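This report concerns only the one structure given below.
Please treat every number below as a calculation from the coordinates, not as lab data. Model, not experiment: these values are computed from the prediction. For neighbour counting, all protein chains shown are included, and Cβ atoms are generated from backbone atoms with ideal geometry for every residue, glycine included.
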């Protein structure tokens, strides 16, 4: 005899449980259970959520020893089989648990929580004597109170019971231990499907005529409702009936009691764009450049061929129109498409373009939607109601069954890399997922990441996976407009000539000219807040976070100092806390300060500020951008969210307040990020008929990233930057793994960091891998550190890091993961943590 079994990954995030467990499949589930199903299973004394990752039959087993699955939590498995396979690959690639990758793929609404219910035991559940008779317990007065309350309720949530009898926790535990009360556990989703009351007519023809003639004068309102329902002819929401006729719910209920109408709960989808009108659009005529790119893309689609394309198009070259027309071809072939945008600031304008072209075929997935809205958008995809999903990086997991295309706009953006576990990069996941489906991938950018560009130029670079995109280029703007003229302003010279303002004279004059002509300006500053730090000029005290080794940022509106890492805040001091001096000053420039300075220099100027502080509320991005589009603002001032993807016809001036901010970061990508930001923000100017102008203010005018950005010269920048990368064997000439170790006790942390690095070097040497990357060998691995992290303490935890550099076909991730597990076993201290970041984008 054989038994059907399921291998289940349980929702317990620990190394000991990071493996599948076998469960018996009950007969009632045998025909329904699939790979990807979400189930409730017994695990120890608890009932927890799990995911089925495989099904098998096992002969001659002792079924009595195997625990059965308790419940299927969804009729339709939330994860198609391809996503389960993708989760397994991600777990290996990014050195994280399988449950972490599976949880990343489902909406928050399905991350179920276990609820404990208490009920009074049946007689056959009570302890029995030697003759098999149930033994009724002798209860104290306090115990009788609890049992009576539970019996009257039928079953009670444990949390409610504890709150009802807060003085009796020991008594409650005793009743459970002796079996007088029993506990059951149920997994509940965080959000349920939304339903509304719907009313429909239950009589037709002669029956309807008879019903109408049966009403007395006192039932006049019921008759009106029935006449209305007969006229409408289809189910209608109860709320609409009440508001249209001005009747009460009781009137409709009485009609239903007579059998003339039916009231029932009907499921509805929460639509974040309900009532919003999107202006329809039709495909634009393609330019010769767009035509060449389009034909190359649809050749792969038509052939059902997996291929990766790197679309390098200058800002305003019409990449989005190419995306739209390629997706249209994809849909015509009966397949689906995913569109990834780097962050929420790009979503409103992109949504408008895609909804305008494809209407209700589009689902939108991003963090600013409510949990219920995200859940319903996800369900539209899972149930095959839409053909296109657009969203931030997690949209790469949209559960389409027949994926034909993945578009990744602004592919260079670091926000495509998740900084929490699982620390995946959406680009690599997109390529892997497309390969599963035989789908095409478009990586689009005006400033592609060096890794992608080098891989396209060299046929794969030094990447462990096969990743060799085909390079497609678009160098012209379809409108015929020229790229804006860019002027570098040396702020050192401004100081010499007595200008201590944050605005150079040229930028000041440029803003004034735009105000006079009724044109618009975008000002970019890569800092929020009012000042970057607060210092006492008398004793040198700098206000710092008590839990992180970093200075606090001053926010003028709330008049407080805030840590942008842990959220700590305190009131701004009027005198120095150290020496009592009144010479406390605010240094550096934030967006709030720039806004105040603009108001002083240009009275009446209308500034729309976009940063994390002004865009925290739902829909705030869209409202601010719409206000600017409607010319309710003269200046759009912001951080990175104004630097890319925005298209406004009246923007003719872009000013970069402090171009060299990012150049001082301890990051080998600092020059690349600076070049990308400057090129992207410069591309906001002169995108239509009016010519554009850009001023880049800097104290480092000779730096090559700023010089090449001013000339829109990506190729020259790449050539120079690759020289620096090659000299130090940084990506794309190697791959990196960042290992961060943390603990509250510094001496213990230092010892464990040294142990980890020593063990890792020893293992690498035994395998013959260890050595400097400048050796003339195809494979090599080097280990740097341990050293204190650039921010050595966050949330009262000290941090040390090791950097693993390697090239060639080495399984360095497994080596690091095994060594980390060994190091954790040495200490067995829950406060000691090791974080592994494969292909890191942030080194802080």
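For the peptides 43-55, 471-483, 101-113, the ranking by packing is 101-113, 43-55, 471-483, with the highest mean count of neighbouring Cβ atoms within 10 Å listed first.
Mean sequence separation of contacting Cα pairs (under 8 Å, at least six apart), scaled by the length of region 2-112, corresponds to a relative contact order of 31 percent. Helix 169-178 versus the longest principal axis of the chain: what angle, 0 to 90°, nearest 10, using Cα atoms? Rounded to the nearest ten degrees, it is 50. Remark: relative contact order (the chain) = 10 percent; criterion is Cα-Cα distance under 8 angstrom and separation of 6 or more residues.
Say a paramagnetic label sat at a point 7 Å from the Cα of residue 213, along Cα to Cβ; which residues of region 250-291 have their backbone N under 18 Å from it? Of the residues in region 250-291, 260 have backbone N under 18 Å from the label point off residue 213. Going by neighbour counts of Cβ atoms within 10 Å, the residues 813, 804 line up, fewest first, as 813, 804. The structure shown yields Rg and Dmax of the Cα atoms in Å, and of the options (i) 28.3, 93; (ii) 40.7, 145; (iii) 31.8, 104 that calculated value carries the label (iii). Computed over region 195-267, relative contact order equals 55 percent, with contacts defined as Cα pairs under 8 Å that lie 6+ residues apart.
Treating the angle as unsigned and between 0 and 90°, give the value, to the nearest 10°, between the Cα long axis of helix 746-766 and the longest Cα principal axis of the chain. Roughly 80 degrees between the two axes. Any idea how far the Cα center of region 546-590 sits from the one of region 783-801, in Å? For region 546-590 versus region 783-801, the Cα centre distance is 24 Å. Taking 7 Å steps out from each Cα toward its Cβ at residue 173 and residue 570 produces label points 4.0 nm apart. Our note on the geometry: Cα centres of region 13-48 and region 710-782, 40 Å apart. Taking a point 7 Å out from the Cα of residue 726 in the direction of its Cβ, the residues of region 802-834 whose backbone N falls within less than 18 Å of it are 807-808.
Here region 349-367 and region 253-280 have alpha carbon centers that stand 24 Å from each other.
To the nearest 0.05, how large is the calculated FRET efficiency for residue 436 and residue 155 if R₀ is 35 Å and r is the Cβ-Cβ distance? Between residue 436 and residue 155 the formula returns 0.20. For the peptides 232-240, 783-791, 397-405, the ranking by packing is 397-405, 783-791, 232-240, with the highest mean count of neighbouring Cβ atoms within 10 Å listed first.
Helix-only arithmetic for the chain: the sum of -39500 (n - 2.57) across DSSP H runs with n ≥ 4, divided by the residue total, places the mean residue ellipticity at 222 nm at -10000 deg cm²/dmol.
Once the chain from residue 239 to residue 268 is taken as fully extended at 0.36 nm per residue, the excess over their C-alpha distance is 9.1 nm. Grab the beta carbon distance between residue 367 and residue 196, set R0 = 35 Å, and tell me the FRET efficiency rounded to 0.05. Efficiency at R0 = 35 Å is approximately 0.85. The label-point distance for residue 761 and residue 475, in a model that sets each label 7 Å from Cα toward Cβ, rounds to 4.9 nm. Cβ crowding within 10 Å, taken as a proxy for footprinting-reagent exposure, orders 149, 424 from fewest neighbours to most as 149, 424.
Going by a ≥ b ≥ c, the root eigenvalues of the Cα gyration tensor, does region 735-838 fall in the rounded group (a/c under 1.5), the prolate group (a/b larger than b/c) or the oblate group? Verdict is prolate for region 735-838. Helix 220-232 and the longest principal axis of the C-alpha atoms of the chain enclose an angle of approximately 60°.
Footprinting exposure proxy ranking of 616, 184, 317, fewest other C-beta atoms within 10 angstrom first, gives 616, 184, 317.
The simple Förster model, with R0 at 35 Å and r as the Cβ-Cβ distance, assigns residue 496 and residue 784 a FRET efficiency of 0.25. One chain, two ends: residue 818 and residue 54. Fully extended at 0.36 nm per residue, the span grows by 272.5 nm beyond their Cα-Cα distance. Taking label positions 7 Å along the Cα-Cβ direction at both residue 419 and residue 28, the computed distance is 4.7 nm, reported to one decimal.
Subtracting the Cα-Cα distance of residue 258 and residue 458 from their residue separation scaled by 0.36 nm leaves 64.2 nm.
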